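Presented below is the structure to which this report refers.
The values are calculated or read from the model by the stated rules, or taken from the named source; none is laboratory data. This one's a predicted model, so the numbers in the text were calculated from it and none came from an experiment. Cβ sites come from the backbone with ideal geometry, for glycine too, and all protein chains shown count toward neighbours. All accessible areas refer to the heavy atoms of the entire protein, side chains included, with ligands and DNA or RNA removed. Shrake-Rupley method; radii C 1.70, N 1.55, O 1.52, S 1.80 Å.
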Amino acid sequence: MRERTCFVFAALLAVGALGCNSIHEAFVAAERAPQRANRRFITPELAAGLRPRGNILSPAQEFFRSPEGIWGEGRRMGPLWVYDLPDGTGLDGMAMLSLSRMAVLETPATSKRPQVLRLLNAEGHTVSSHSLSGAFTSLDAGFLGGQKVLLAKSGDSYRVMDADGQPVWKAEVAAGQALLADLGGNGRGELVISTGARSAVAALAADGSRLWAVAGFGEVYGLAAAARVVAVFCSSGVVILDGGGREIMRFLDDTMPERGVFLTSQDSSLLLAHAGSNFGTSRERLRISRIEGSVRIVQAEAEIGPTRVTAMIAPDLNGDGRKDIALGTENGWTFLYDEHAQLWGEKRHFAPIPYLASGDINGDGWEELLTGMRGNASRVYAYGAIAQPAPLP
């Protein structure tokens, strides 16, 4: 109500100050006029990084809500920059390709134009763009045989590409799910896929040859991986394999998880975090388990709320050397949790968050969070720990 009153007052002032002939013209002029009071929230550091946007309500609203001190003295989790996709353009994936290089997959409003793979630099500006043949719906980045590649999903197949969008493999890989993983623990990278009516999981080497294959999973909903370990989320439960495809353990979970990430605890134990909802409910839960050999010990859990988790990654955003959990939801929330399922950051956007990525964007040694928002207006936000703005007097 207060915001609306201020807006009406600004419109009335515009009748005289901007030479408007009607209240309607005044409303339009007030909406387009610079929000000078709001700009007082922006520090020089933030002002240098934010791209101009006409519909920003208040820079203070762009910050994550977090406990005091978690980002360091006088710092908060806020936007380094915002990349606005062209009007009507859909966001269909994004990935952190390398230091200060991010890849964004864009679909033009008209089907007559091809998809575009756009590379952004540390400031969110376009470095290059390349047209793609195909209709891709997700994008990931990682190592395959020691080479940094992009992995794009199209229906029930995946394309392995270089940074210019050129295929690394001649043919696309038929798979329901796929991810790049370090199965050997040597940093070179392999490709793990679900195949054969999604009932089998296989690992492929950089030359496309099959390293191993395991069947009997039923429908595969998602995959997660860490060094020398893979988790398969499927209709028969959660199955954990070692890097050679041998089953370590399997368990049923009443949240029926479809996605998850691996973490390492403070004592270097392996943790598996996953999100899902109990059968017949729409309330998602986060559950974190310690994996000790063939034993699973539930360590912590938290209720996410009446929504659906659409993205999940494991970044280290506060620089403590341990991975945490970032979630994107269907109703526009981005949540940050630690290994104990404690919520320590949250931010609401006005459209679904189907894509998350992380990496050191600006070379300061801290990981930043890329948040992809897909709606009538699609955007990519780059969030990092920045100087906290002073409040208005």
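Overview of values
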read-out: Of the criteria (1) at pLDDT 95 or above; (2) under 17 Å from Asp140 (Cα atoms), which one Tyr337 fails; value: (2)
read-out: Odd one out for Thr371, checked against (1) of a type in the set (S, T, N, Q); (2) more than 22 Å from Ile304 (Cβ to Cβ); (3) crowded, with 23+ Cβ neighbours inside 10 Å; value: (2)
read-out: Matching residues in region 67-91 - criterion: being under 19 Å from Gly375 (Cα atoms) and either free of Cβ contacts under 8 Å to residues at least 60 places away in the same chain or among the hydroxyl-bearing types (Ser, Thr, Tyr) (or both); value: Tyr83, Pro86, Gly88, Thr89
read-out: Residue satisfying condition, being touching a Cys at 6+ places or on another chain (Cβ under 9 Å), assigned to a strand (DSSP E or B) and at pLDDT 95 or above, within set Val261, Val232, Val201, Val238; value: Val201
read-out: Extreme residue, most open to solvent (accessible area, probe 1.4 Å), among residues of region 317-368 that are over 21 Å from Arg285 (Cβ atoms), touching a Ser or Thr at 6+ places or on another chain (Cβ under 8 Å) and free of Cβ contacts under 8 Å to residues at least 60 places away in the same chain; value: Arg322
read-out: Within region 250-290, considering residues that are farther than 18 Å from Glu303 by Cβ and touching a Gly at 6+ places or on another chain (Cβ under 7 Å), the one most open to solvent (accessible area, probe 1.4 Å); value: Leu252
read-out: Residue check for Glu247: closer than 22 Å to Gly216 by Cα, open to solvent by 40 Å² or more (accessible area, probe 1.4 Å), at pLDDT 95 or above and not hydrophobic (A, V, I, L, M, F, W, C); value: yes
read-out: Matching entry among Val214, Val220, Val192 (being free of Cβ contacts under 8 Å to residues at least 40 places away in the same chain, surrounded by 22 or more Cβ atoms within 10 Å (Cβ to Cβ), within 19 Å of Ser235 (Cα to Cα) and touching a strand residue (DSSP E or B) at 6+ places or on another chain (Cβ under 7 Å)); value: Val192
read-out: Scan of region 310-324 for residues that are in contact with a Phe, Trp or Tyr (Cβ under 6 Å, 6 or more places away or on another chain) and within 21 Å of Glu68 (Cβ to Cβ), ordered by number; value: Gly319
read-out: Conditions (1) over 11 Å from the mean Cα position of the chain (by Cα); (2) within 22 Å of Arg101 (Cα to Cα); number of the one not met by Ala357; value: (1)
read-out: Strands (runs of 3 or more DSSP E) completely within region 62-181 that count 3 or more residues being touching a helix residue (DSSP H, G or I) at 6+ places or on another chain (Cβ under 8 Å) and within 25 Å of Pro352 (Cβ to Cβ); value: 75-84
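This table checks each residue for (1) touching a residue at least 60 places away in the same chain (Cβ under 8 Å); (2) closer than 16 Å to Val160 by Cα; (3) open to solvent by less than 40 Å² (accessible area, probe 1.4 Å).
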position: Leu97; (1), (2), (3): yes, yes, yes
position: Val104; (1), (2), (3): yes, yes, yes
position: Ser111; (1), (2), (3): no, no, no
position: Val116; (1), (2), (3): no, yes, yes
position: Leu119; (1), (2), (3): no, no, yes
position: Gly124; (1), (2), (3): yes, no, yes
position: His130; (1), (2), (3): no, yes, no
position: Ser133; (1), (2), (3): no, yes, no
